[in-house]
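These notes concern the structure reproduced below.
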Amino acid sequence: MSTNGSPPFLFYLAGNILWSYFSGCLTKTANTFVANSALLGKVYFHRLAIPVSIVLSNLIAFGIQFLLFLVFWVLYLIKGYPRVEPNLWMLSAPLTVLMVAGFGLGGGIIVPAMTTRYRDLAQLVTFGVQLLMFPRPSLFQFPQCPISIAGLSR
């Protein structure tokens, strides 16, 4: 797959960071209602608090991975690699992370509601998310997509 002139390591690292955040949010929320059924039966609180807390806690791991990406990006920038210069597409990174968090939370809310009735659905979702990782790089092929290389393609 063409990386459109950017370093392949940065190209795939950017996509892998976003994918790991999305898949972590989706798979960890798949079993929340079943795993916390004792707590939900004893204390009344908003049921959406558990999936939202999982999405927010995964944001910490995403932040660490993104800082590592920025370190490598600065190293490539210092070495003078072409197509690694900063541009305006980098301003869309927070919006992209917000959209990925929304997709992870949305899928993560649908699955546990169905998992309370069909317990094996959580394992099916985990397996399905792992399978979706393999065709994923085709999503980052389009140069118009700002999440493709987090601002490295323009």
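The values are calculated or read from the model by the stated rules, or taken from the named source; none is laboratory data. Fair warning: this is a prediction, and the values are worked out from it, not measured in the lab. So basically every Cβ, Gly included, is an ideal-geometry build from the backbone, and we count neighbours across all protein chains shown.
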| request: Kindly provide the set of residues from region 34-50 that are outside any loop (DSSP other than H, G, I, E, B) and not aliphatic (A, V, I, L, M), ordered by number. | output: Ser37, Gly41, Lys42
| Out of all the residues in region 51-67, is one or more part of a loop (DSSP other than H, G, I, E, B) and of a type in the set (A, V, I, L, M)? | no
| query | Inside region 31-57, can you point out the residues that are buried (at least 16 other Cβ atoms within 10 Å of the Cβ) and either more than 29 Å from Gly15 (Cβ to Cβ) or modelled with pLDDT of 95 or more (or both)? | reply | Phe33
| field | Residue ID - modelled with the lowest pLDDT, chosen from residues in region 1-30 that are more than 17 Å from Pro135 (Cβ to Cβ) and among the aliphatic types (A, V, I, L, M) | value | Ala30
| said: Can you find, within region 87-107, the residue that is modelled with the lowest pLDDT among those that are surrounded by 12 or more Cβ atoms within 10 Å (Cβ to Cβ), out of contact with any Pro (no Cβ under 7 Å at 6 or more places or on another chain) and closer than 16 Å to Ser6 by Cβ? | reply: Met90
| said: So Leu152 passes all but one of these: (1) closer than 14 Å to Lys28 by Cα; (2) modelled with pLDDT under 80. Which condition number does it fail? | reply: (1)
